[in-house]
Amino acid sequence: MDQPTTRNLTHLPDLGTSAGRVGPVRLRMPIYVDLLPPCNNACPAGENIQEWLRLVKAKNDLGAWRELTRNNPFPAIHGRVCYHPCETACNRIELDGAVSIHSVERFLGDAAIEHGWQFTKPTHSSGRRVLIIGSGPSGLAAAYHLAMLGHEVEIHDGSELPGGMMRYGIPEYRLPRDVLDAEIARIRELGVTFVQNHKVTDLLAEQRAGHFDAVFVAIGAHLSKRVDIPTMDAGRIVDAVSFLRDVASGDRPLIGRRVAVYGAGNTAMDAARTARRLGAEESIVVYRRTQEQMPAHAEEHAEAVREGVKMNWLRTINQFDEGQMQVEIMELDESGKARGTGRFETLEADTVILALGQEADSGFLQSIPGMSFDGDTVNVDPTTLMTDVPGIFAGGDAVPSERTVTVGVGHGKKAAKMIDLWLSNMPAIPKEERDLASFDKLNLWYWGDNRRTSQPELAIAARKAFDEVVGGLTEDEARTEAWRCLSCGNCIECDGCLGSCPEDAVIKLGKGNRYRYDYAKCTGCGTCYEQCPVHAIDMIAER
């Protein structure tokens, strides 16, 4: 009978990789790392989203609000109107849906208003004065950050009330005015001076008269682009910006039963939905390209359709008279560009609202020696946001960029930092780059299924007035949603590395202090690295 083959489970060391030791030499070693979460990376306002979500998980809502507002002073506003690119970048979208970051942000913003939380005023004064032109999102954000840095700030604005396009462009059903006023009031409490109903015509004279050491130009895109439409009744053609501004100011313009909105951006969708609330039985969007080419965000378009707004793609208005529009049917050429076909049809409309884009009212800057422009926008150094004129900075809609509230707030924050450095005669230091915690780096054993929490919405039949359409999360819902965060790239103290190490080389340092390695015990096996759910461990070559 053959003897069973025996297996030697103890392998002899490879002497080629040994150096006077009984065991093999360690060729690699684990280190703890902090990678850049994709949500943080995608936020135009520069929020540390992952950190304030962590604080919400820990039931420290005040701490979470303070962490959030270190970068963005308007969580209740952003939680309503930001198009949340952070969620598009969220790794959890690959599992069961992105974390509803904006709804948790709104929860914190609303909690701050409810509880009367205020910013902590700075204890020092720099003795420097900064003038801000425009009280929209970019100007207000700059004012906040500059005030927190100890500078004296004054905002000059041509409108009756501060807020810019947040007040006069975004309808109340998306952004209630009491929410806007509450978050602006905190800026005022920091000592920022508001000069409203004051249109600046000579910036240099304004700067000299107020003895301002620096200027930030944050004018909004309040001018509508126009197109000539042959008509016998020009009074029935209005621009979308003026229309929305009038409604936001309390007017209720007479628009008739049938309204056509020419254009398909976010402003067009707001105008069409507002027209429905003013009593229009029929509100249609006319756009010369296709739905796939529309500049409006998909969710804005979807809500407009839900509310009964009709879409007419590949159409352009040629003439408007006596309640009728003549539109030309368009088609796409080989390059995807719309061109006329010579075929026409007639649509009925009592009012035409032009929503073909907006421009910044930058004419008052044209006379400043050395200032250069790109159309209606001002050229700035992309690193510092300073114009070609020393001491004059610009951001938001005044510079070439995406025209959103969040981008404007990000510009305001950046400009404040750069103005502070310029006033101190200090150079701008490049931000340290961190590796991105992409989805492929995660080990998902730790996370179970947990579907995204939906916000309550006003029923379609009830959307007759300007009541807010989307509601907020309850405390429990916000906490649950925050727990869905995968904490990509940053340790969550799950003890996975501690439990997986076969050599007891991982040392726990206590709650909130994470771990360290005892490299005298570590063999470099990589078990800790391979199981870490958030990729907070990397393997590097032995030093």
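The values are calculated or read from the model by the stated rules, or taken from the named source; none is laboratory data. Not measured: the values here are computed from a predicted model. Ideal geometry is used to build each Cβ from the backbone, glycine not excepted, and the neighbour counts take in all protein chains shown. Just so you know, the surface numbers come from the protein's heavy atoms only, side chains and all, with ligands and any DNA or RNA stripped out. Shrake-Rupley method; radii C 1.70, N 1.55, O 1.52, S 1.80 Å.
Things to note:
- DSSP beta bridge pairing in the chain, given as percent antiparallel to the nearest 5: 45
- Taking a ≥ b ≥ c as the square roots of the eigenvalues of the Cα gyration tensor, an a/c ratio of 1.5 or more together with a/b no larger than b/c marks the range 137-228 as oblate.
- Helices assigned as whole DSSP H runs in the chain whose Cα atoms extend at least 20 Å along their own long axis and whose mean Kyte-Doolittle hydropathy is -0.5 or higher are found at 101-115, 405-423.
- Put simply, the C-alpha atoms of the range 311-351 give a gyration tensor, and the ellipsoid matching it has half-axes of 23, 9, 7 Å, longest first.
- The range 401-473 and the range 253-278 have Cα centres lying 28 Å from one another.
- Cross-link reach is defined here as a Cα-Cα straight distance under 30 Å, omitting same-chain residues fewer than 8 places apart; for residue 57 the lysines meeting it are 121, 413, 414, 431, 441, 508, 511.
- Area accessible to solvent at residue 278, 1.4 Å probe radius, in Å²: 40
- Think of the range 376-508 as a dipole: +1 on every Lys or Arg Cβ, -1 on every Asp or Glu Cβ, centred on the Cα centre; then among 465, 448, 382, 465 lies furthest on the positive end.
- Here the relative contact order of the chain, from alpha carbon pairs under 8 Å that lie six or more residues apart, stands at 20 percent.
- Long-range HN-HN contacts of residue 515 with modeled amide H, under 5 Å: 509
- FRET E, pair residue 421, residue 513, Förster distance 25 Å, beta-carbon r, rounded to 0.05: 0.15
- Each peptide in 133-140, 30-37, 426-433 was scored by the mean count of other Cβ atoms within 10 Å over its residues; highest first, the order is 133-140, 30-37, 426-433.
- Under 20 Å from residue 225, Cα to Cα: aspartates and glutamates that are on another chain or at least 8 residues apart: 233, 239, 246, 270, 359, 361, 374, 376, 397, 402
- Order by protection proxy (mean Cβ within 10 Å, highest first), peptides 413-420, 526-533: 413-420, 526-533
- To put it simply, the accessible area of the range 325-484 at a 1.4 Å probe is 50 percent carbon and sulfur.
- The range 384-524: projected area of the alpha-carbon convex hull, averaged over directions, in nm²: 16.4
- Rounded to the nearest 10 Å², the accessible area of residue 346 at probe 1.4 Å: 90
- Accessible area in the full protein assembly, largest first, 1.4 Å probe, for 447, 483, 422: 483, 422, 447
- No disulfide-compatible partner, judged by a Cβ distance under 4.7 Å, exists for the following cysteines of the chain: 43, 82, 90, 485, 488, 491, 494, 501, 522, 525, 532.
- Divided by 2.2 N^0.38 Å, where N counts the residues, the Cα radius of gyration of the chain comes to 1.19.
- Rolling a 1.4 Å probe over the protein heavy atoms gives the range 48-200 an accessible area of 34 Å² per residue.
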